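Worksheet: the structure to be examined is printed underneath.
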Amino acid sequence: MTNSVEELEDAACIMIIGSNTTASHPIVAMHIFRAKEKGAKIIVIDPRKTHIASYADLYLAEKSGTDVAIINGLLHIIIKEGWYDKQFVEERTEGFVELKTLLEEYPPARVAEITGVPEAQLRQAAEMFAKTKQSSIVYCMGITQHTVGVDNVLSLANLSMATGHIGKWASGVNPLRGQNNVQGSTDMAAIPNVLPGYQSLADDAVVSKFEAAWGVTLPRKPGLTLMEIMGAIGTGGIKALYVMGENPAVSDPDIQHVKKALEALELLIVQDIFPTETVALAHVVLPAVSFAERDGTFVTTDRRVQRIRKAIEPIGDTRPGWQIICDVAHAMGAGGFDFASPSEIFAEIASLVPLYAGISYERIAENGIQWPCPTKDAPSTVFLHKDRFSKGLGTFKPVAYKAPAELPDEEYPFILITGRDGFHFHTGSMTRRSKSLTAQINRCYVQIHPLDAKKLKIKAGQMIRLRSRRGAIEVEARITPIVQSGSVFVPFHFAETAANVLTNPALDPVVKIPEYKICAVKLEKAT
Amino acid sequence: MINYHTVYTTCPYCGTGCGMLLEVMNGRLVGVLPCKTNSINQGKLCIKGWSAHEFVHSPERLKKPLLRKDGRLEEVEWDEALSFIASKLKAITQTHGPDSFAALSSAKCTNEENYLLQKFTRAVIGTNNIDHCARL
Ligand code: SF4
């Protein structure tokens with residue numbers, strides 16, 4: 001997030017796009033509701049009429065996967081009407097002319113046709129967002145989990161820069177991270193193309209700094225992404241895989257294919273706290289402790305480095321994750337892993353990562369600190385891009401609308417959207433072992449629009465077989481107008497009826513995110 | 001004698017990062033309280049946060065290292081599991097090169113763990129094949 005969570009309360013207009021905020025980030029939703037109490041306008045753009053959409057001042061029921069067209073359409077209107085922030089565009093951005101040229105192709109009539117949102121609503125949303133003084137965008141996986149995920153994010157950046165709604169208190173672009181340490185695992189470069197702190201593998205000075213600190217020569221060739229790793233197992237390139245705290249046998253798209261790949265490995269090491277579906281395929285399993293049995297830091301969606309603390313002793317013969325990695329490194333005879341505690345590891349991180357240089361366990365004893373924090377006395381950075389963007393000028397990147405990879409056809413006539421249910425988390429390995437949460441819901445379902453249910457003679461509670469080109473699952477029907485006619489929704493937390501049996505492994509070409517939000521399915525009554 | 005205290009920590013679920021107090025009685029977690037001074041959640045939690053302690057004492061927790069022998073996962077001591085990993089990893093990377101190894105890190109693990117796993121992958125094995133599942 002460019003802003004802080006609690007700043008949202010002071011926003012005068014909040015555009016929520018691709019986020020089922022009340023279910024997936026309830027405490028963020030609390031701040032949004034407080035803003036509304038103070039008079040803020042709420043715009044929700046989503047193919048599903050989510051809970052928060054029913055409180056919106058304006059709800060745009062877009063067709064799945066048409067976000068770029070909508071945002072371009074809003075920008076078209078904003079620029080035509082002169083509602084954009086001329087001073088901001090002149091002083092802080094480049095590439096506006098190119099953006100304007102592309103936007104010529106997105107007049108309201110065409111956008112309405114692509115997106116299914118009436119022209120009048122597009123105009124209202126454009127005016128509301130652009131003309132309000134402090135507007136913020138909030139988005140989640142409904143934006144990123146598409147083959148055009150990067151294009152979606154870029155078009156939101158275009159919207160915020162053109163309207164000058166960035167780099168101010170309560171005004172910016174705010175992605176909500178689904179898991180507690182998405183931000184931190186990326187900051188720490190558990191990604192194939194950078195070193196910790198987003199430092200470039202191509203920069204000689206950076207690489208020498210790490211080589212000196214770690215006492216090794218580092219590989220310079222960028223590595224493979226998750227989906228590429230899975231692909232490379234089949235063809236033989238990858239022989240050994242170390243999985244820490246993840247469950248790709250449920251979370252990845254087209255999981256029947258993923259399971260076959262995992263089975264083909266010569267060595268699968270899995271470090272986890274529960275016997276997950278991925279553990280069942282492992283050659284060796286390392287039992288780790290839970291969050292309550294170890295010290296460490298997590299980074300929130302608003303860049304806040306916070307502590308977790310050991311509250312109880314490790315259960316059974318388990319060890320903290322950081323210690324297990326040190327143990328494996330020692331067994332390999334490697335140096336550089338002699339840490340007595342997580343605070344020592346954190347000190348090494350701070351010495352190598354400028355964004356974290358001023359943060360230490362002492363400083364975050366009570367309150368977290370938001371990076372960038374370059375020096376020991378630098379304060380939290382509450383919002384980003386105040387007077388300049390990190391690279392200087394912000395560049396508009398015009399993006400054209402592209403259709404999703406797999407759309408409904410005669411054989412598979414419905415769009416399947418996957419996502420979260422408010423009572424469960426990720427692959428369910430933790431929440432499905434929590435009795436308060438399983439008491440609320442403990443089996444998978446599919447949301448079907450009443451018109452479709454009527455046409456197919458489906459009754460609430462009936463078992464439905466959903467089939468895609470990749471597989472089939474059987475789940476219980478829920479009849480609800482939350483979904484549009486022609487679309488169905490399935491949550492992905494339930495391993496025994498995993499939504500990812502159905503999903504399409506088509507990827508965004510840049511960041512390789514799979515298209516979890518759209519694939520084509522058909523509905524059959526299960527007998 | 002009852003030994004009760006609370007420990008200030010962060011919710012293990014979504015990226016909002018609500019502050020919470022774990023209630024500990026005689027070495028077991030018995031509940032969660034929302035932290036009032038954390039400016040993110042200001043004394044509130046969602047239902048997932050309120051029940052975040054429940055899975056910790058689940059009887060299904062993995063409690064011992066496991067090693068596949070004759071097709072079945074069997075409990076072993078740490079030393080056996082670790083030396084198995086070391087010898088297998090060395091053999092595989094010596095035969096097929098460092099790029100035959102890959103690591104999947106987790107958006108549910110700490111910064112320190114993510115940092116160490118990428119350091120292990122890059123500095124010990126010698127490949128950049130590391131990613132996490134946060135895109136999912
Ligand atoms: S309490 Fe709820 S909103 Fe807060 S971090 Fe936990 S899961 Fe997220």
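Tell me, which strands (runs of 3 or more DSSP E) lie completely within the range A:430-527 with 1 or more residues that are under 16 Å from residue A:420 (Cα atoms)?
So the answer is A:445-448, A:472-479, A:487-491.
Given the condition within 16 Å of the ligand (Cβ to nearest atom) and outside the structural domain of residue A:223 (by TED's automatic domain parsing), answer yes or no: does some residue in the range A:142-156 qualify? Scanning the range A:142-156, I find no residue that is within 16 Å of the ligand (Cβ to nearest atom) and outside the structural domain of residue A:223 (by TED's automatic domain parsing), so the answer is no. Give me the residue from the range A:1-47 that is among the hydroxyl-bearing types (Ser, Thr, Tyr) and within 16 Å of the ligand (Cβ to nearest atom) and, out of that set, nearest to residue A:135 (Cα to Cα). Ranking the qualifying residues of the range A:1-47, first place goes to A:4. So which residues in the range A:203-215 are touching a residue at least 12 places away in the same chain (Cβ under 8 Å), surrounded by 13 or more Cβ atoms within 10 Å (Cβ to Cβ) and either more than 10 Å from chain B (Cβ to nearest Cβ) or outside any helix (DSSP H, G or I) (or both), if there are any at all? If the condition is that a residue be touching a residue at least 12 places away in the same chain (Cβ under 8 Å), surrounded by 13 or more Cβ atoms within 10 Å (Cβ to Cβ) and either more than 10 Å from chain B (Cβ to nearest Cβ) or outside any helix (DSSP H, G or I) (or both), then A:207, A:209 are the ones that fit. Residue A:180 meets all of the listed conditions (1) in contact with a Lys or Arg (Cβ under 8 Å, 6 or more places away or on another chain); (2) surrounded by fewer than 20 Cβ atoms within 10 Å (Cβ to Cβ) but one, namely (2).
If you go through the range A:221-260 one residue at a time, how many are of a type in the set (A, V, I, L, M), outside any helix (DSSP H, G or I) and modelled with pLDDT under 85? Step through it out loud before you land on a result.
Keep residues of the range A:221-260 that are of a type in the set (A, V, I, L, M), which gives A:224, A:226-227, A:229-230, A:232-233, A:238, A:240-241, A:243-244, A:249-250, A:255, A:258.
Checking which are outside any helix (DSSP H, G or I) leaves us with A:224, A:238, A:240-241, A:243-244.
If we keep only those that are modelled with pLDDT under 85 too, we end up with none.
Residues that pass the stated criteria total 0.
Is it true that residue A:421 is of a type in the set (D, E, K, R) and within 11 Å of chain B (Cβ to nearest Cβ)? Taking the combined requirement at face value, the residue satisfies it.
What do you reckon, is residue A:311 touching a residue at least 12 places away in the same chain (Cβ under 8 Å), under 22 Å from residue B:87 (Cβ atoms) and small (Gly, Ala, Ser)? For residue A:311, the condition - touching a residue at least 12 places away in the same chain (Cβ under 8 Å), under 22 Å from residue B:87 (Cβ atoms) and small (Gly, Ala, Ser) - is not met.
Please give the helices (runs of 4 or more DSSP H) falling wholly within the range A:117-202 in which 3 or more residues are farther than 25 Å from residue B:14 by Cα. Let's see the steps before the verdict.
Details: elements: A:119-131, A:141-144, A:149-162, A:182-187.
Those helices (runs of 4 or more DSSP H) span A:119-131, A:149-162.
Taking the range A:1-112 as the region of interest, the helices (runs of 4 or more DSSP H) fully inside it that hold 1 or more residues being within 14 Å of chain B (Cβ to nearest Cβ) and more than 18 Å from residue A:402 (Cβ to Cβ) are A:21-24, A:26-37. Looking across the range A:241-285, just one residue is more than 28 Å from residue A:434 (Cβ to Cβ) and surrounded by 24 or more Cβ atoms within 10 Å (Cβ to Cβ), and that is A:241.
How about the range B:17-136: which strands (runs of 3 or more DSSP E) wholly inside it have at least 2 residues that are within 29 Å of residue A:190 (Cα to Cα) and within 15 Å of the ligand (Cβ to nearest atom)? Lay out the reasoning, then the answer.
Details: elements: B:19-25, B:28-34, B:66-69, B:72-75, B:101-105, B:130-132.
In the range B:17-136, the matching strands (runs of 3 or more DSSP E) lie at B:19-25.
Considering each residue of the range A:359-409, count those that are β-branched (Val, Ile, Thr) and over 26 Å from the mean Cα position of the chain (by Cα), and give that number. Walk me through it before giving the result.
Filtering the range A:359-409 for residues β-branched (Val, Ile, Thr) gives A:359, A:364, A:369, A:375, A:381-382, A:395, A:399.
Those left that are additionally over 26 Å from the mean Cα position of the chain (by Cα): A:375.
Count: 1.
Checking each residue in the range B:16-66 for being more than 28 Å from residue A:318 (Cα to Cα) and of a type in the set (D, E, K, R) picks out B:36, B:44.
The values are calculated or read from the model by the stated rules, or taken from the named source; none is laboratory data. No experiment lies behind these values; they were computed from the predicted model shown. Virtual Cβ from ideal backbone geometry, glycine too; neighbours counted across all protein chains shown.
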